[in-house]
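Reading through the structure tokens given below for one structure.
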Amino acid sequence: DAVLDIHLAPQGRTRLELTSRFLPSDLKSVSHDLEGYGFLLHRKNRLWHIDLSAQFPDALYVRLVRTFDAATSLDGIASAVQQEETDLLNYLGLSIPGFP
């Protein structure tokens with residue numbers, strides 16, 4: 001497995017703004033004082049854990065877990081993890097200057 005933990009502090013948007021679009025509409029009416037929402041996305045050989053950072057104010061904590069078979073080269077793993085980061089940033093509507 002390859003595991004990558006990231007704390008993202010988005011500029012110009014709060015973590016509530018970033019995560020609230022993933023909350024089912026029926027829960028939005030009962031959540032008046034929340035700071036943000038955490039969730040997991042399970043896919044074949046992959047896991048995205050998106051939550052509120054406990055370490056940095058108004059930041060997100062993200063854990064990417066990717067499973068590879070024993071025949072996968074280190075270059076293949078590195079390339080897949082980089083693509084996973086790009087996919088996650090796109091999913092959240094974020095970008096990092098200088099990151100592909």
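Counting just the residues of the range 41-58 that are exposed (fewer than 14 other Cβ atoms within 10 Å of the Cβ) and not basic (Lys, Arg), which one comes out nearest to ASP87 (Cα to Cα)? My answer is LEU41. Could you tell me whether any residue of the range 19-40 is of a type in the set (Lys, Arg), surrounded by 14 or more Cβ atoms within 10 Å (Cβ to Cβ) and more than 12 Å from the chain's Cα centre (by Cα)? Checked the range 19-40: no residue is of a type in the set (Lys, Arg), surrounded by 14 or more Cβ atoms within 10 Å (Cβ to Cβ) and more than 12 Å from the chain's Cα centre (by Cα).
The set of residues in the range 1-11 that are open to solvent by less than 80 Å² (accessible area, probe 1.4 Å) and among the acidic types (Asp, Glu) contains only ASP5.
Is it fair to say THR14 is surrounded by 15 or more Cβ atoms within 10 Å (Cβ to Cβ), at negative phi and either of a type in the set (Val, Ile, Thr) or modelled with pLDDT under 90 (or both)? Step through it out loud before you land on a result.
Working: surrounded by 15 or more Cβ atoms within 10 Å (Cβ to Cβ): no; at negative phi: yes; either of a type in the set (Val, Ile, Thr) or modelled with pLDDT under 90 (or both): yes.
No, not satisfied.
With respect to the conditions (1) under 23 Å from ARG21 (Cβ atoms); (2) not in a helix (DSSP H, G or I), TYR91 falls short on a single one, namely (2). Taking every residue in the range 71-90 that is more than 18 Å from LEU41 (Cβ to Cβ) and pairing it with any residue that is part of a helix (DSSP H, G or I), at least 6 positions away or on another chain, the pairs with Cβ-Cβ distances below 9 Å are THR72/ALA80.
Can you work out which of the residues in the range 1-58 that are in a helix (DSSP H, G or I) and of a type in the set (D, E, K, R) is farthest from ILE96 (Cα to Cα)?
ASP26
For the range 59-86, the tally of residues that are open to solvent by 70 Å² or more (accessible area, probe 1.4 Å) and in a loop (DSSP other than H, G, I, E, B) stands at 3.
The values are calculated or read from the model by the stated rules, or taken from the named source; none is laboratory data. Owing to the predicted nature of the structure, the values given are computational and were not obtained by experimental measurement. Neighbour counts are summed over all protein chains in view; Cβ atoms, including those assigned to glycine, are modelled from backbone coordinates with ideal geometry. Accessible surface is based on the protein model in full, side chains and every heavy atom, while ligands, DNA and RNA are left aside. Shrake-Rupley method; radii C 1.70, N 1.55, O 1.52, S 1.80 Å.
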